[in-house]
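K.L.:
Below is one structure. I have some questions about it.
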């Protein structure tokens with residue numbers, strides 16, 4: 001559409017942008033003017049009469065924040081294993097049987113590894129970004145000599161390698177807590 005018919009849309013869009021800018025200016029103005037006033041005007045301190053008694057405020061206990069659930073993962077022990085290139089497999093294999101016998105679901109956080117036992121929990125960390133995800137081994141692979149693990153599409157998205165198709169990763173196996181010494 002061109003000409004007159006397009007004009008109301010442009011005017012409406014400009015009005016919305018103007019309203020958004022005006023609203024943002026009103027929100028910022030009180031905060032910035034209060035800061036400016038405190039910098040410009042010296043603080044006035046009222047002196048209490050000598051006969052006034054000072055009563056201390058009762059001590060309030062410090063608030064205790066709940067620990068984030070991600071802290072649980074930080075306290076778990078991991079054993080680093082060989083890293084390398086990870087790839088992923090997605091929707092084309094949805095429903096196919098994995099080597100463990102379960103059906104593949106690209107939306108679950110699972111992976112294929114050539115030798116780790118099925119059910120092993122592995123932390124996969126993108127070496128470039130530091131993003132990591134926990135996956136469960138449920139299949140065998142990858143079947144390329146330069147790959148160390150095949151991730152489900154959901155796991156690849158979590159660590160940011162889905163768009164590239166593959167990426168350099170570090171692997172760490174969740175230890176069972178028993179000492180083998």
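K.L.:
Note down the relative contact order for segment 103-171 as a percent, whole number, built from C-alpha pairs under 8 angstrom at least six residues apart.
P.N.:
40 percent
K.L.:
Between residue 129 and residue 146, what length comes free when the chain is fully extended (0.36 nm per residue of separation minus the Cα-Cα distance, one decimal in nm)?
P.N.:
Going from the current span to full extension adds 4.0 nm.
K.L.:
Let me ask you something else. Grab the Cα-Cα distance for residue 99 and residue 77, subtract it from 0.36 nm times how many residues apart they are, and report the gain in nm with one decimal.
P.N.:
My answer for the length gained is 5.2 nm.
Laboratory data are not the source of any read-out in this text; all were calculated from the coordinates shown. Being a predicted model, the structure only gives us computed values, none of them experimental.
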